[in-house]
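Beneath this line is the structure, given in structure tokens, with notes to follow.
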Amino acid sequence: MSPFRPSDLPDILAYAGNEEVARTVLWPAHKTLEDSQAYLDWIERNLFFEPGKLFFVWALRKVEDGKAIGSIDFKQPYPHVGQIDYAIAQSEWRKGYVTEAALTVKKWAFENLPELQRFQSFCIASNIASRRVMEKCGMEFEGLRKKAIALKGIPVDLACYALVK
Ligand SMILES: CC(C)(COP(=O)(O)OP(=O)(O)OC[C@H]1O[C@@H](n2cnc3c(N)ncnc32)[C@H](O)[C@@H]1OP(=O)(O)O)[C@@H](O)C(=O)NCCC(=O)NCCS
């Protein structure tokens, strides 16, 4: 895990351009390198280092060659709340990588942010893989918010998970 670099653009396009990866997230699949560049620009504009309002994005990288294969974000919507979001290349699914990354961010957050009392994540209710990541990360299912979001224009239920200290 480390920040994204401009040289990651083709790797970002490779995984974020996959319609299957984008199917369960709010962002549309990247079509061109410009879309991936716009993502890096958005990160650059939104990174926030003020305590209590942090926003970080880490690239998930292959140990062997440093290739970017996904991302995990951490944000603090309130000083006592930490939230993660993540995605990884389809070729890397079911290898335990996102669970490992989520556990790493959770450990880092509770060790370094004394104000943190809640660690949360959300996904569409049908996203079994993401729900498992949250469970394996120690978060409890808090319930469904019915038709709480529109996914590519379609109203869908949101599954809410959190670990509360
Ligand atoms: C959701 C996602 C991040 C999971 O990443 P991952 O690295 O494959 O997850 P892990 O390998 O850590 O697996 C975690 C658990 O989910 C299970 N799982 C993974 N993919 C699965 C699938 N397609 N169907 C059912 N279970 C699945 C794993 O088996 C594991 O559970 P287990 O240990 O009980 O067997 C990945 O599928 C993804 O990027 N999807 C597209 C983007 C997305 O949905 N992001 C989340 C938005 S909230």
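The values are calculated or read from the model by the stated rules, or taken from the named source; none is laboratory data. Remember, predicted model here, so these are calculated numbers, not experimental data. Counting neighbours? That spans all protein chains shown, and the Cβs are built from the backbone with ideal geometry, glycine included.
Quick notes on this structure:
- If you filter segment 114-146 down to residues that are out of contact with any helix residue (DSSP H, G or I) (no Cβ under 6 Å at 6 or more places or on another chain), of a type in the set (A, V, I, L, M, F, W, C) and within 9 Å of the ligand (Cβ to nearest atom), you find that the one that is nearest to Asp157 (Cα to Cα) is Ile124.
- Residue count, segment 128-145 (criterion: of a type outside the set (Asp, Glu) and surrounded by fewer than 16 Cβ atoms within 10 Å (Cβ to Cβ)): 9
- Answer from Pro3, Pro51 - the residue that is away from the ligand (no atom under 16 Å from the Cβ), modelled with pLDDT under 95, closer than 23 Å to Leu163 by Cα and of a type outside the set (Gly, Ala, Ser): Pro51
- Looking across Val105, Val57, Val98, one residue alone is aliphatic (A, V, I, L, M), closer than 14 Å to Pro3 by Cα and in a helix (DSSP H, G or I). It is Val105.
- Once segment 62-82 is narrowed to residues that are surrounded by 18 or more Cβ atoms within 10 Å (Cβ to Cβ) and over 14 Å from Met1 (Cβ atoms), the residue that is nearest to the ligand (Cβ to nearest atom) is Gly82.
- Qualifying residues in segment 98-128 (those that are charged (D, E, K, R) and farther than 26 Å from Leu26 by Cα) - the one farthest from the chain's Cα centre (by Cα): Glu115
- Failed item, numbered, when Leu40 is tested on (1) of a type in the set (A, V, I, L, M, F, W, C); (2) in a strand (DSSP E or B); (3) touching a Pro at 6+ places or on another chain (Cβ under 8 Å): (2)
- Lys95 vs. criteria over 18 Å from Ser121 (Cα atoms) and not polar (S, T, N, Q): yes
- Pairs with Cβ under 7 Å, 6+ apart, first in segment 69-84 and in a loop (DSSP other than H, G, I, E, B), second of a type in the set (Lys, Arg): His80/Arg118
- Segment 29-50, residues that are loosely packed, with under 12 Cβ neighbours inside 10 Å and either in contact (Cβ under 8 Å) with a residue 12 or more places away in the chain or touching a Lys or Arg at 6+ places or on another chain (Cβ under 6 Å) (or both): Lys31, Thr32
- Within segment 93-113, the set of residues being surrounded by fewer than 16 Cβ atoms within 10 Å (Cβ to Cβ), in contact (Cβ under 8 Å) with a residue 12 or more places away in the chain and within 7 Å of the ligand (Cβ to nearest atom) comprises Trp93, Arg94.
- Residues considered: Ala125, Ala148, Ala159, Ala59. Of these, the only one that is surrounded by 14 or more Cβ atoms within 10 Å (Cβ to Cβ) and free of Cβ contacts under 8 Å to residues at least 12 places away in the same chain is Ala148.
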